[in-house]
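Please read the structure below before turning to the comments.
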Amino acid sequence: MSDAPRLPGLRPTPPRLLQSAGFRFALLFIAIYSVAASFLVAVLWWATAGALDRQTIASIRTDASTLVERFRESGTPGLVEAIEERLALDAQNETIYLLVAADGRRLAGNLRDWPTAIGEDGTWFRTRIQHDGGVAEARVHRRDLPGLRLLVGRDESERVQLRLLLTEGVAWSLGAVLIFAGLGAALIRRALQARMRPAVATALGIAGGDLSHRVPLSGQGDEFDRLGATMNDMLDRIASLMAGLRGVSDAIAHDLRTPIARARAKLEESLNTAAGEAELRAAMEEGIADLDNISRVFQALLRIAEAEAGARRAAFAPLDLPEVLRDAAEFYEAMAEAHEQRLETDLPEHLAHVVGDRDLLLQAVANLLDNAIKFTPPGGVIRLEARDTGARIEVAVSDSGPGLPPQDRAQALDRFYRADSSRHLPGSGLGLSLVRAVAQLHGGEAVLLDAMPGADPPGLRVVISLAKL
Amino acid sequence: MMRILLVEDDVEVARFVKKGLQEAGHTVEHASNGRDGLFLAASESFDMLVLDRMLPGGVDGVRLVETLRQQGNRSPVLFLSALSAVDERVKGLKAGGDDYLVKPFAFAELLARVEALGRRPSSEAPVTKLKVADLELDLLSRTVTRSGRKIDVQPREFRLLEHLMRHAGQVVTRTMLLEKVWDYHFDPQTNVIDVHVSRLRQKLDKGFDKPLIHTVRNAGYMIRAEG
């Protein structure tokens with residue numbers, strides 16, 4: 001059955017002839033080519049054989065009208081005379097005349113008998129007649145006069161000959177046309193298949209499980225190259241998503257298993273060794289706190305995955321960024337104050353609207369402020385700024401903390417990075433990685449810089465750029 | 001005391017929630033799938049519903065609420081859900097839910113939310129003044145006084161206090177404050193809420209013996225008259 005499901009990983013069989021797009025293109029090519037050729041032949045025919053026919057008919061018609069005229073002027077004798085005159089003048093013996101009386105008596109003309117298959121007055125016929133010592137193909141016209149019947153015609157034997165020749169020529173050339181069309185179609189099909197082959201081979205390789213394949217491009221920049229380039233872009237995107245997924249599983253394996261193992265060990269230990277109810281109770285409380293932390297990390301991971309997958313673009317809405325940032329600053333200002341720090345803001349009254357996800361942007365900024373407050377010593381200053389750079393909207397959080405050495409910055413945006421100096425501080429180590437994911441979701445980037453280059457300590461400045469509406 | 005319908009398919013979670021709510025003095029009916037839940041909710045009267053978002057039996061939490069709301073049933077609904085994505089929460093609230101709690105949760109959080117929902121003011125008459133002991137909050141002039149003495153609060157502190165006072169005598173959790181006062185739907189890594197509450201507390205209690213805002217261990221805060 002053709003619609004039986006294909007087993008994954010099997011090489012797909014080449015499409016059957018009728019299903020092959022190449023074959024269909026080829027058929028289309030043949031059809032168009034044949035229509036064009038037929039049109040050409042039709043025009044040729046009309047201009048040659050058709051013209052001869054029309055000429056014959058016109059000449060017969062004129063001849064007949066002249067004879068009828070003659071009859072009206074000078075009666076039957078005049079007509080007979082005119083016919084005989086004409087016959088005498090016709091050296092090639094092409095003309096045919098027959099004039100008979102009402103009783104069937106022949107009065108003039110070069111036909112012996114009134115042909116049997118002749119109809120009414122004024123009609124045209126093609127017929128075979130005894131003429132010129134043989135049977136000839138003729139075109140005749142019948143005109144009835146009072147008491148007389150007149151046939152005017154032309155021997156068409158030569159024209160028939162000519163038409164035969166013409167038909168033969170046309171048949172040959174149509175044959176040639178078909179052969180060329182078939183050849184052309186086959187070439188098109190081959191070319192199409194040849195250009196498709198790399199993409200098919202790549203897709204097969206990927207279906208086989210190796211994502212590293214890419215479609216080789218011919219460099220011609222044609223449709224196939226564009227298709228290949230699009231496929232490659234798609235594959236790059238898939239590869240990066242897969243890497244992200246792998247990252248999540250690694251992170252889950254490492255940073256969720258570790259606290260789970262720790263919590264489990266603690267609970268088990270206290271079950272075995274706890275001296276009394278109070279101790280057991282304390283251990284359980286600790287266990288619950290550990291579980292809460294684990295689910296917090298889990299939640300953060302899911303948020304990052306959501307942002308990275310771009311799944312939340314559906315929730316995008318135009319938002320007033322300064323408003324959102326002022327809220328966040330107000331929210332954290334109390335905390336900075338409790339840490340004896342100053343939280344300064346430099347926010348324009350209005351900014352070009354950003355289309356985004358309020359919750360995610362807020363969480364990203366909150367993570368940055370939270371980090372800044374955590375790492376800045378008492379007496380320090382934290383700044384939240386936003387500005388329009390023309391192409392982008394930039395949101396920056398700077399602090400006067402220890403900063404981050406340049407070699408650690410790329411890593412800091414990765415999941416679960418925690419500088420050695422911060423191991424004792426609370427937090428999942430996912431904050432900056434969410435910031436980056438959110439920036440990328442909004443068509444931007446997150447960059448780490450020195451807040452005060454050259455100073456010691458340099459402080460940290462994190463800039464998130466966001467695409468404008 | 002409230003009569004609560006719990007629709008939850010997980011036996012352990014259901015038992016835990018039912019027991020906790022009963023210990024808090026409520027009556028709990030339990031259904032373990034959407035169909036039975038809908039039948040109970042439609043045929044009996046409950047003060048509030050606690051629904052799992054995903055339920056077996058063809059009728060999930062969202063469908064259940066939509067159906068009830070179409071029938072004109074206005075009982076408050078709290079969703080419990082393992083689906084934490086913001087879109088899911090919005091979906092649940094749009095369907096007619098009043099609150100949304102993500103699993104895993106602390107029972108104290110659930111109880112606080114259940115009581116906050118169940119004791120919403122029944123009269124639609126607008127309140128213009130809130131009073132707890134000698135503390136007064138005027139919603140029209142937006143002023144706070146304690147024993148007649150005016151206390152200066154910032155707009156956000158005003159909203160924080162208003163929320164606590166509207167739920168005077170009830171536990172209000174940090175997450176509830178974050179959601180209701182700041183409209184933030186994520187978990188800040190450090191407890192910023194505590195800083196805001198202690199600031200407000202200082203302003204209110206300065207010069208008075210009796211503290212009004214109390215910290216409830218492992219749960220949140222509560223404003224009430226007696227210390």
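Between residue A:187 and residue A:24, the simple label model (points 7 Å from Cα in the Cβ direction) yields a spacing of 2.4 nm.
In this structure, residue A:268 and residue B:13 have a Cβ-Cβ separation that, at R0 = 22 Å, corresponds to a calculated FRET efficiency of about 0.40. Each Lys or Arg adds one and each Asp or Glu takes one away; over the other residues whose Cβ falls under 14 Å from the Cβ of residue A:226, this sums to -3. Extending 7 Å from the Cα toward the beta-carbon at both residue A:102 and residue A:352 defines two label points whose distance is 10.3 nm.
For chain B, the relative contact order comes to 13 percent (Cα pairs under 8 Å, sequence separation of at least 6). Other protein chain C-beta atoms within 10 Å of residue C-beta, averaged over A:327-336: 5. Per residue of A:401-408, other chain Cβ atoms within 10 Å of the residue Cβ number 0 on average. The mean sequence distance of close C-alpha pairs (under 8 Å, at least 6 residues apart), as a share of the length of the range A:214-334, puts its relative contact order at 19 percent. If R0 is taken as 51 Å, the Cβ-Cβ distance between residue A:34 and residue A:128 corresponds to a FRET efficiency of 0.90. Per residue, the convex hull spanned by the Cα atoms of chain A amounts to 337 cubic angstrom.
Calculated mean residue ellipticity, 222 nm, chain B: -11500 deg cm²/dmol, from DSSP H runs (n ≥ 4) at -39500 (n - 2.57) each, averaged per residue and rounded to 500.
How far, in degrees from 0 to 90, does helix A:49-89 lean away from the longest principal axis of the Cα atoms of chain A, to the nearest 10? Roughly 20 degrees between the two axes.
The 3J(HN,Hα) values that the Karplus relation (6.51, -1.76, 1.60; θ = phi - 60°) gives for the range B:183-191 are, in residue order, 6, 9, 10, 8, 9, x, 5, 10, 7 Hz. Gly and Pro appear as x.
P(r) tail for the range B:3-118, what percent of Cα pairs lie past 18 Å?
It works out to 43 percent of all Cα pairs.
Look at the stretch B:193-200: the mean tally of other chain Cβ atoms within 10 Å of its residues' Cβ atoms is 4. Within the straight-line cut-off of under 20 Å between alpha carbons, the lysines reachable from residue B:210 are B:131, B:150, sequence neighbours fewer than 8 places apart in one chain being disregarded. In degrees between 0 and 90, to the nearest 10, how far off the longest principal axis of chain A does helix A:157-207 point, with axes built from Cα atoms? So the helix axis and the longest Cα principal axis differ by about 10 degrees. Taking Cα atoms, how many degrees apart are the long axis of helix A:358-375 and the longest axis of chain A, rounded to 10 and kept between 0 and 90? Between helix and principal axis, roughly 30 degrees. Quick one: which residues, 5+ away or cross-chain, put their amide H under 5 Å from the amide H of residue B:48? H built at 1.01 Å from N. Those lying under 5 Å, H to H, from residue B:48 are B:3, B:5.
The modelled label-to-label distance for the pair residue A:171/residue B:119, using points 7 Å beyond Cα in the direction of Cβ, is 10.6 nm. Name the residues of the range B:63-96 whose amide N is less than 15 Å from a point 7 angstrom out from the Cα of residue B:42 along the C-beta direction? From the range B:63-96, the list is B:63-74. Net charge dipole, chain A: roughly 2220 debye, given to the nearest 20, about the Cα centre with Cβ charges of +1 for Lys and Arg and -1 for Asp and Glu.
Taking amide H atoms as placed 1.01 Å from N in the peptide plane, the amide H of residue A:155 lies under 5 Å from those of A:95, A:96, each 5 or more residues away in sequence or on another chain.
In the neighborhood of residue A:68, defined by Cβ-to-Cβ distances under 15 Å, what is the net charge if each Lys or Arg adds +1 and each Asp or Glu adds -1? Once positives and negatives cancel, what remains is +1. Going by neighbour counts of Cβ atoms within 10 Å, the residues B:158, B:79 line up, fewest first, as B:158, B:79. Amide H contacts of residue B:100: B:79, each under 5 Å away and 5 or more positions distant or on a separate chain (H built 1.01 Å from N in the peptide plane; Pro and chain starts excluded). The overall shape of the range A:49-155 is rounded: from the C-alpha gyration tensor, with semi-axes ordered a ≥ b ≥ c, the ratio a/c is less than 1.5. Sequence-distant contacts, meaning Cα pairs under 8 Å at least 6 residues apart, place the relative contact order of chain A at 10 percent. In chain A, the calculated helix contribution to ellipticity at 222 nm averages -19000 deg cm²/dmol per residue, counting -39,500 (n - 2.57) for every DSSP H run with n ≥ 4. Sequentially through the range A:216-222, phi angles give Karplus couplings (6.51, -1.76, 1.60; θ = phi - 60°) of x, 9, 7, x, 7, x, 8 Hz, Gly and Pro residues having no value and appearing as x. Pairs spanning more than 24 Å between alpha-carbon atoms, out of A:374/B:91; B:103/B:180; A:374/A:468; B:94/B:129; B:103/B:203; B:94/B:180: A:374/B:91; A:374/A:468; B:94/B:129; B:103/B:203.
Quick note: the coordinates plus some simple rules give every number you see, no bench work behind them. What you are looking at is a predicted structure, and each value in this text was computed from that prediction instead of being measured. Positions of Cβ are generated from backbone atoms using ideal geometry, with glycine treated the same way; all protein chains shown enter the neighbour counts.
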